[in-house]
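S.K.: Got a structure for you, written out below as structure tokens; questions coming shortly.
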Amino acid sequence: MKITAFIAKKFAKPDGLTGVMVSYVMNQMNRKQYRMVEDHLALSSQDTVLEVGFGNGTLIRRLSKQAFHQLYGIDISDDMLALASKKNASKISENRVILTKGSVEQLAYKADFFDKIYTVNTIYFWQDISQCLSEVCRVLKKDGRFINVLYDRDYLNRIPMTKYGFTLYTLDVLVALAEANGLALSQTVQKKGACCLIFEKK
């Protein structure tokens, strides 16, 4: 049990050697969900984009091959910031990718700044989910898109580590929370436990 709880903690905040290893495991687990983001983000050359919880920066590197104005990312882990910065060094040098340490509970951006915001499998670790969703809405432009990709509760309940530090939500609860904080559901995509909730700012 202690090992399971320790690994679960690294999923919430990957740091140290174990955290680096866990980040690569997450890349394999998240492949289907990365494709969901790529399929539905609908990037254009004028878009300013934010990833919440970029981990080791794999999805940012994949998206950097598409057209966009600037792609920002925040993560709470210093080790992930270092790893993702190394992986995306060329785009960072061009000022197209901007990565910082930060929390979704208090986003260091002005209101109406981003055209698109996305996150993959981080929602379980948001301490004050209403505050976080309110911040997402605040920094999102009018009619901007927020993509929240996650596993549904039934799927996660079958995984032992999710008993430690994970908050699991039904899709109905997540949609209600988002809509209470200024976001309107526009589409739901589900594939074998993986879910993509697509919202627009009201």
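S.K.: From Cα pairs below 8 angstrom and at least 6 apart in sequence, can you work out the relative contact order of segment 90-202, rounded to a whole percent?
M.R.: 27 percent
S.K.: Still on this structure: Considering only 181, 107, 42, whose Cα is most displaced toward the positive end of the charge dipole of the chain, charges sitting on Cβ of Lys, Arg (+1) and Asp, Glu (-1)?
M.R.: 42
S.K.: Find, to one decimal place in angstroms, the Kirkwood hydrodynamic radius of the chain, where the mean of 1/r is taken over every pair of different Cα atoms and then inverted. Don't skip to the answer; put the middle values down first.
M.R.: Details: mean 1/r = 0.0591 Å⁻¹.
The answer is 16.9 Å.
S.K.: Please list, ordered by chain and number, the residues whose modelled amide H lies under 5 Å from the amide H of residue 144; skip anything fewer than 5 residues away on the same chain.
M.R.: The answer is 201.
S.K.: Starting with the highest mean, order 169-179, 64-74 by the number of other Cβ atoms within 10 Å, averaged over the residues of each peptide.
M.R.: Result, highest mean Cβ count within 10 Å first: 64-74, 169-179.
S.K.: Follow-up question, since we're still on this one. Which is farthest toward the positive dipole end of segment 48-166 among 67, 118, 146, measuring Cα position about the Cα centre, with Cβ charges +1 (Lys, Arg) and -1 (Asp, Glu)?
M.R.: Going by the charge dipole, the pick is 67.
S.K.: For the chain, which whole percent of the accessible surface, found with a 1.4 angstrom probe, sits on carbon and sulfur atoms? Mind dumping the intermediate values first?
M.R.: Values: 5080 of 9670 Å².
Carbon and sulfur: 53 percent of the exposed surface of the chain.
S.K.: So, for the chain, what is the accessible surface per residue at a probe of 1.4 Å, expressed in square angstrom?
M.R.: Per-residue accessible area for the chain comes out at 48 Å².
The values are calculated or read from the model by the stated rules, or taken from the named source; none is laboratory data. These figures come from a predicted structure and were not determined experimentally. Using ideal geometry, Cβ is built from the backbone for each residue, glycine included, and neighbour counts are taken over all protein chains shown. Just the protein is used for accessible areas: all its heavy atoms, side chains included, with ligands, DNA and RNA removed. Shrake-Rupley method; radii C 1.70, N 1.55, O 1.52, S 1.80 Å.
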